Structure formats: structure tokens, C-alpha cells
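Participant: What follows is a structure written as C-alpha cells; I'll ask about it next.
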Amino acid sequence: MTRPTMLLVEDNPAHAELTMVTLQENGADHEIIVARDGKEALDYLFCEGAFSGRPSDQPPELVMLDLGLPGMSGLEVMQRMRGDPRTFFVPVVMLTASPESSRAVMALKGGLNSYVRKPLHFRDFQEKLEQLREYWRTSNFAPLINPGL
């Protein structure tokens, strides 16, 4: 059986590394796939481009998506996910450095499951990711995908 996957979409390498280390230190047993922009994330999710050989019936259990991506925003990626039956039910958590909550509210209305504001202090970020991981581990399960859709 393959390890469950989590897709982390983050253009800042330092933020991606911080997120991965924090998740791994807090017991995440997922294989963490990192996409650096929206196009790469969609290629992974829809098994296109460099990911064309990836099994299409194995979506990630969770997508952690930076709001401020270059080119295609995190909101655009999420809208594409919600508009496709293959990724409609995949939980999406938005990562944002912005203190502006109106964008998060707009994203929640558009199908976002949760969001985490990236704090300035490492320990705060660790605590938020641990709370999020615990919630998804104990309370939420990704639905099985029907390949016939």
C-alpha cells in the first residue's frame, strides 16, 4: 500500500521547507509533494505534464495551498479543483501571510475547507499546523474517488 500524499503548493522555498519540517516533526506520515506554482499543482492534481504517469485514482488527501502564488493565484487553483469531479472533494487548506481576512472569507465561500495565517514566529506556525494536522487526522477523511465520474 502506498503512503497517503499531501500536496503543498508554495512558491517560497523557505516557507515550503518550514512547512514540511513542521509537519514531519509533528508526526505527519504523508508523502509531501511540493509544487512551486499553480500550473505545477494542477499538473499534479490532473496527472498532466511532468505528472502524466501518476495514477489518476490517487488524489492527495489534503492540499495546502499558498494564496499568493505567482501567475495563477491560490484562489484560481482552488476554483479549478472545485470545478472538476476528480478533485471536488479533496480538502484544501489555504496558507496566507496576509492579515486581510476578506480574501479568506471569499475563499471559504468558494469551497476552501480551512485557512492558516502564516505567523511571523516559527513556534506559532508549528502550533497552527499541529492543530490542523490533528483535526484532519481525527475528524476528516478524504472521500473515495469514483473513477467512473
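The values are calculated or read from the model by the stated rules, or taken from the named source; none is laboratory data. What you see is a predicted model, and the numbers here were worked out from it, not measured in a lab. As a convention, Cβ positions derive from the backbone with ideal geometry for all residues, glycine included, and neighbour counts pool all protein chains shown.
Participant: Show me the helices (runs of 4 or more DSSP H) entirely contained within region 48-139 in which 2 or more residues are modelled with pLDDT under 90 and of a type in the set (Gly, Ala, Ser).
Facilitator: Values: elements: 74-82, 101-109, 122-139.
It comes to 101-109.
Participant: Is it the case that Leu42 is modelled with pLDDT of 95 or more and either β-branched (Val, Ile, Thr) or buried (at least 21 other Cβ atoms within 10 Å of the Cβ) (or both)? Break it down into steps so the answer makes sense when it comes.
Facilitator: On the way: modelled with pLDDT of 95 or more: yes; either β-branched (Val, Ile, Thr) or buried (at least 21 other Cβ atoms within 10 Å of the Cβ) (or both): yes.
Judged against the criteria, Leu42 is a match.
Participant: If I ask for residues that are surrounded by fewer than 22 Cβ atoms within 10 Å (Cβ to Cβ) and either of a type outside the set (Asp, Glu) or more than 26 Å from Ala97 (Cβ to Cβ) (or both), which ones from region 68-83 would you list? Don't jump to the end; show me each part of the working.
Facilitator: Here is the first cut: in region 68-83, the ones surrounded by fewer than 22 Cβ atoms within 10 Å (Cβ to Cβ) are 68, 70-73, 75-76, 79-80, 82-83.
Those that are surrounded by fewer than 22 Cβ atoms within 10 Å (Cβ to Cβ) and either of a type outside the set (Asp, Glu) or more than 26 Å from Ala97 (Cβ to Cβ) (or both): Gly68, Pro70, Gly71, Met72, Ser73, Leu75, Gln79, Arg80, Arg82, Gly83.
Participant: Surrounded by fewer than 12 Cβ atoms within 10 Å (Cβ to Cβ) and either of a type in the set (Phe, Trp, Tyr) or without any contact (Cβ under 8 Å) to a residue 60 or more places away in the chain (or both): is that true of Asp37 in this structure?
Facilitator: Working: surrounded by fewer than 12 Cβ atoms within 10 Å (Cβ to Cβ): no; either of a type in the set (Phe, Trp, Tyr) or without any contact (Cβ under 8 Å) to a residue 60 or more places away in the chain (or both): yes.
So Asp37 does not fit the description; no.
Participant: Within region 1-27, track down each residue that is touching a strand residue (DSSP E or B) at 6+ places or on another chain (Cβ under 7 Å) and either of a type in the set (Gly, Ala, Ser) or farther than 13 Å from Val90 by Cβ (or both).
Facilitator: Scanning region 1-27 gives Arg3, Leu8, Glu10, Asp11, Ala16, Thr19, Met20, Leu23.
Participant: Specify the residue that is farthest from the chain's Cα centre (by Cα); the eligible residues are those in region 53-76 that are among the aliphatic types (A, V, I, L, M) and more than 15 Å from Ser114 (Cα to Cα). Write out each step before concluding.
Facilitator: Kept after step one, since they are among the aliphatic types (A, V, I, L, M), are these residues of region 53-76: 62-65, 67, 69, 72, 75.
Next, only the ones that are more than 15 Å from Ser114 (Cα to Cα) stay: 69, 72.
On the way: Leu69: 13, Met72: 15 Å.
Once the filter is applied, the top-ranked residue is Met72.
Participant: What pairs can you find where one residue is in region 3-23 and part of a helix (DSSP H, G or I), the other is not hydrophobic (A, V, I, L, M, F, W, C), and their Cβ atoms are less than 6 Å apart, with a gap of 6+ or different chains?
Facilitator: Every condition considered, the pairs that remain are Ala16/Glu10; Thr22/Gln126.
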